[in-house]
Amino acid sequence: MDFLNNLKKFLKSSKVLEGLAYKAYRKIPRSLYEKFTDGTSYSFWTTLLRESQTWDKQRIKEYQIEQLKALLVHSLKNVSYYRKIFSDYGFNPEKIQNLGDVEVVPYLTKEILREKADEFIDASVPLKSLIPKFTSGSTGILMTIYRNKKAVSAFHAFRSDLLQRIGYKHGSKEVMFWNMIELGRDKNLPNYIMKIYEIR
């Protein structure tokens, strides 16, 4: 880990080195990259996504219930917040038969998540494996969520699958508007327009 951190610092010390490293990274097949960084997670999700495209509505519904039940049972066993909520509302995830069964559980809000953040940490996941991600969403209020490598790999698998459906291939140029973009402000918008022209 120290080696990787030092390598990142070295590459970022020079715009030229950083640019060359990024170009090299873009040429690495996503499947190979994910296999190196997180074993089987990426391959599992890409295979599932490919196979599920042929499922009928009944199979999709069965899978949704199956996964929802497994997630809630896991939450009951490993997440203290849900253990308390399920107990307070007399909810037993083992008995789920359809999506309507979860309606007895109250909605989760950002306020609850911020106030009781420690209660949402999965006891089965090593703390050192958690990767913090900061977001403010549409409210503008900072919130921290945590992921691990498997979650990141799943995200990339879903993103890759969606983009491939519209002809995107790994290494294709793309533009992503992210974070603090203030459209309509003279000092900000021209910078983004220039960035778009630079990657053409």
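The values are calculated or read from the model by the stated rules, or taken from the named source; none is laboratory data. Quantities reported herein were computed from a predicted structural model and do not represent experimental measurements. Virtual Cβ from ideal backbone geometry, glycine too; neighbours counted across all protein chains shown.
Summary table below
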read-out: Residues located in the range 105-131, provided they are small (Gly, Ala, Ser) and free of Cβ contacts under 8 Å to residues at least 40 places away in the same chain; value: 117, 129
read-out: Any hit, the range 139-146, residues being surrounded by 14 or more Cβ atoms within 10 Å (Cβ to Cβ), touching a strand residue (DSSP E or B) at 6+ places or on another chain (Cβ under 7 Å) and modelled with pLDDT of 85 or more; value: yes
read-out: Single residue of 42, 25, 63 found to be in contact with a Phe, Trp or Tyr (Cβ under 9 Å, 6 or more places away or on another chain), modelled with pLDDT of 90 or more and under 22 Å from residue 159 (Cα atoms); value: 63
read-out: Complete set of residues in the range 128-157 that are assigned to a helix (DSSP H, G or I) and closer than 27 Å to residue 49 by Cβ; value: 129, 149, 150, 151, 152, 153, 154, 155, 156, 157
read-out: Inter-residue pairs, beta-carbon under 7 Å, first within 14 Å of residue 41 (Cα to Cα) and in the range 144-163, second in a helix (DSSP H, G or I) and acidic (Asp, Glu), 6+ apart; value: 149/38; 150/38; 153/34; 153/38; 156/34
read-out: The range 52-71 residues that are under 12 Å from residue 96 (Cβ atoms), paired with ones that are small (Gly, Ala, Ser) and part of a helix (DSSP H, G or I) (beta carbon under 8 Å, 6 or more apart); value: none
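A quick yes/no check of all residues on (1) at pLDDT below 85; (2) loosely packed, with under 14 Cβ neighbours inside 10 Å:
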{"site": "107", "(1), (2)": "no, yes"}
{"site": "119", "(1), (2)": "no, no"}
{"site": "172", "(1), (2)": "yes, yes"}
{"site": "177", "(1), (2)": "yes, yes"}
{"site": "181", "(1), (2)": "yes, yes"}
{"site": "190", "(1), (2)": "yes, yes"}
